[in-house]
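For reference, the structure discussed in these notes is given below.
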Amino acid sequence: MSGGTFVGMPAFPTAAHDAVRNTTLRANLKHATHTIRDKRARAVSELDDWALLRQAGKEIKDHTLHHLEHYLVQLEDSVTAAGGTVHWARDADEANRIVTSLVRETGETEVVKVKSMATQEIGLNEHLEAEGISAYETDLAELIVQLGHDKPSHILVPAIHRNRGEIRDIFSKEMGSWGRPAPDDLTDTPAELAETARLHLREKFLRAKVGISGANFMVADTGTLVVVESEGNGRMCLTLPETLISVVGIEKIVPTWQDLEVFLQTLPRSSTAERMNPYTSTWTGTTDSDGPQTFHLVLIDNGRTDTLADEVGRQALRCIRCSACLNVCPVYERAGGHAYGSVYPGPIGAILSPQLRGTGSDIDASLPYASSLCGACYEVCPVAIDIPEVLVHLRERVVAGGPATRNGNKVMLRPAKGHAAERAAMRAATWAFTHPAALATGQRLASRTRRFHPRTMPGPGKAWTDTRDLPTVPAEPFRDWWKRTNGGKDTTK
């Protein structure tokens, strides 16, 4: 992975074309996503004020993003006052250099990790490995992905594309080369798999002197960081090592503990369908003789301020990484997470990745089209991100180019290649809709020639009609019918 992009990944349509033909993958995804979303729906229905919590979360995030420069400075002051050290990273390269330097200062060559999507975004594991430092993922699903030399495919359940038999085979084959081996008679029962992972990880927890974490939230007024999780590995990584390095995106900030309360209600219900997370770990700087004695916070920009400059697209920064949008998305359910070519898959990835990385690559230019625009993602989002609105906004950027912010500078993007026909069609449609007489004439002509219309489209439109028929043109335009029947009142004409 490089700069958040899975190296060698093709554009979404090509990757999805192969993924939808993998019957095992589709079966795994369908079972998992339907189970999670059904449980989530029941958990959310228990709260009469869910809509109010959702609106509150949206408003807190919007307020914080609008005043981000104030709250980030407040956070730095609070962390520093509590005994921590804050580092600022403009991009992935700078963040990786900072973290590598901090690990080297300890003299250690191993680290344990938890809650690390931001580190996956910047490719930290690969960078550390190149510098002779081994990084061990401790979340069960992340462990499966790492042992399998694989890539994450879901925000909440990174190994959602694997079934129990595949996980057993990975543990049996790979665990011995990473640490404590799996037992020879390991079966695929969940209890045995979990116990095998626990024993394998316990060895690393007790040996590690350096922990690397992300964070779900950062509280500006106290300098507190928060991790929520379900397995207890976070508690081990955050308390046992002597040095803790937290790598967090600048958008993860909330002003106060009162604001945090809202998200501690909405995040668990939207992600794991739980009323509260089994483990909610908070830490504020350092404390003598308790927990890590050295704490570093690395704040990452990596395209976030560029995204913040976009009045439509900035709402993607509200995301609290619950993954509810993935579990209801018909495109994700069929294509899987790897097709998105990013650590952020699904609907949120389709709008976040092209903004963090730009739309210059084939992958990122294709992601805004990885959606049916059904709106299910917006309906379940606990912070009311209008993902379909941003998708359409980004499609316009890809097709037509226009002003954008990259690396803090205002730039004029050129239209992406391969969209000439789409641009021509949109220009023609714009002209027709602004010339009513021409539009009416075209509609009448289409109705009168309807029996000669093909059922499939030629040229660039062939891909669309390979799997669907063109809709039948009505016998007369709606305007003519309305006029002839006096608005439907006289149906005898």
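The values are calculated or read from the model by the stated rules, or taken from the named source; none is laboratory data. Treat the numbers as computed from the prediction; the structure is a model and nothing was measured. In this analysis, Cβ positions are derived from the backbone assuming ideal geometry, glycine residues included, and neighbour counts consider all displayed protein chains. Please note that ligands, DNA and RNA were not included when accessible areas were found on the heavy atoms of the full protein model with its side chains. Shrake-Rupley method; radii C 1.70, N 1.55, O 1.52, S 1.80 Å.
Here are the numbers for this structure:
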read-out	value
Condition check for T138: under 23 Å from I250 (Cα atoms), modelled with pLDDT of 95 or more, touching a strand residue (DSSP E or B) at 6+ places or on another chain (Cβ under 6 Å) and of a type outside the set (D, E)	no
L267 within 24 Å of E46 (Cα to Cα) and open to solvent by less than 40 Å² (accessible area, probe 1.4 Å)	yes
Meets criteria (in a loop (DSSP other than H, G, I, E, B) and under 23 Å from W178 (Cα atoms)) for G83	no
Residue within the range 386-395 that is among the basic types (K, R), under 28 Å from C325 (Cα atoms) and at pLDDT 90 or above present	yes
L326, sole failed condition from (1) touching a Phe, Trp or Tyr at 6+ places or on another chain (Cβ under 9 Å); (2) open to solvent by 10 Å² or more (accessible area, probe 1.4 Å)	(2)
Residue in the range 474-490 that is open to solvent by less than 100 Å² (accessible area, probe 1.4 Å) and under 36 Å from the mean Cα position of the chain (by Cα) present	no
Selection status of R314, of a type outside the set (V, I, T), open to solvent by 10 Å² or more (accessible area, probe 1.4 Å), closer than 26 Å to D91 by Cβ and modelled with pLDDT of 95 or more	yes
Residue match in the range 448-460 (condition: surrounded by fewer than 11 Cβ atoms within 10 Å (Cβ to Cβ), polar (S, T, N, Q), part of a loop (DSSP other than H, G, I, E, B) and modelled with pLDDT under 90)	no
All helices (runs of 4 or more DSSP H) inside the range 315-416 with 1 or more residues being over 23 Å from A118 (Cα atoms) and more than 16 Å from the chain's Cα centre (by Cα)	330-335, 376-380, 387-400
Residue list for the range 113-135, restricted to those being under 22 Å from the mean Cα position of the chain (by Cα) and open to solvent by less than 50 Å² (accessible area, probe 1.4 Å)	K113, V114, S116, M117, A118, T119, Q120, E121, I122, G123, L124, N125
Matching residues, the range 288-311, being surrounded by fewer than 20 Cβ atoms within 10 Å (Cβ to Cβ) and closer than 21 Å to G214 by Cβ	G291, Q293, T294, T305
